[in-house]
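Following: one structure in structure tokens, then a few remarks.
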Amino acid sequence: MNEVQAMKTVILLRPQLKNNGAFANNTYVDFAGWNHARFLFVVGDTDAAVGSGDDSTPPFIEQCDTTGGDYTPITDAELSAVIGTGDDNKLFAIDVDLTKSHKRYGRVNAPTAGTGSNGANLAILCQLSKGAIAPHDAAGMGLEELVTV
């Protein structure tokens, strides 16, 4: 099995367009059994800035012991700036070393778009790697279907 087949991908924010407000259905990832997490921001066409909680705070990752509890920021797990109006069709990532002391669940804090003519197109994925046990099928990798040639 190659390295990419030993990873699991989780959709945290399904692809969507948002103008002036919080993106819908932002969810969490379970870190249990994994040693590394990459939060991947997939930006489409955008004319609105994207941040955490508003359009002036860089997106950051937060953690919690339970899925519905009080989340707290992971130190230094944030982008250097908001995703800007000129960042069309770019990828941004935040890597988290889970071998350090972290809580069980993680998510991006309240992804929020500023105001633009059209808004911001965004999806957020989390790629989990270096698992205690590698997944052995598509479902274990977070996929609906896997074709290997």
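Each value in this text was obtained by applying a stated rule to the coordinates, not by laboratory testing. This one's a predicted model, so the numbers in the text were calculated from it and none came from an experiment. No Cβ is skipped: glycine too gets one built from the backbone with ideal geometry, and neighbour counts run over all protein chains shown.
Expressed in nm to one decimal, what extension gain is obtained for the pair THR27 and ASP137 from 0.36 nm per residue of sequence separation less their Cα-Cα distance?
So the chain would gain 37.3 nm between THR27 and ASP137.
Picking from THR112, THR57, THR66, which is most flexible by a Gaussian network model of the chain using Cα springs under 10 Å?
The residue that fluctuates most here is THR66.
Please report the relative contact order for the chain, taking Cα pairs under 8 Å with a sequence separation of at least 6, and give it as a percent rounded to a whole number.
The value is 44 percent.
How much length is gained on full extension from ASN20 to ASN35, taking 0.36 nm per residue of separation minus their Cα-Cα distance?
Here the answer is 1.8 nm.
Sort 121-132, 78-89 by packing, meaning the average of other beta carbons within 10 Å per residue, with the highest value first.
The packing order, highest mean first, is 121-132, 78-89.
Sequence neighbours fewer than 8 away in the same chain don't count; with that in mind, list the lysines whose C-alpha is under 25 Å from LYS90.
LYS8, LYS18
Please label the shape of segment 31-149 as rounded, prolate or oblate, based on the square roots a ≥ b ≥ c of the eigenvalues of the alpha-carbon gyration tensor (a/c under 1.5 means rounded; beyond that, a/b larger than b/c means prolate, else oblate).
Taking the square roots of the gyration eigenvalues as a ≥ b ≥ c, segment 31-149 is oblate.
Taking the Cα centre of the chain as origin, sum charge times position over the Cβ atoms of Lys and Arg (+1) and Asp and Glu (-1), and report the length of that vector in debye to the nearest 20.
280
Taking the alpha-carbon distance from LYS130 and a cut-off under 19 Å, which aspartates and glutamates remain once sequence neighbours fewer than 8 residues away in the same chain are dropped?
Qualifying aspartates and glutamates at Cα under 19 Å: GLU3, ASP30, ASP95, ASP97.
Taking the Cβ-Cβ separation of ASN118 and THR72 as r and a Förster radius of 35 Å, what is the calculated FRET efficiency to the nearest 0.05?
The value I calculate is 0.55.
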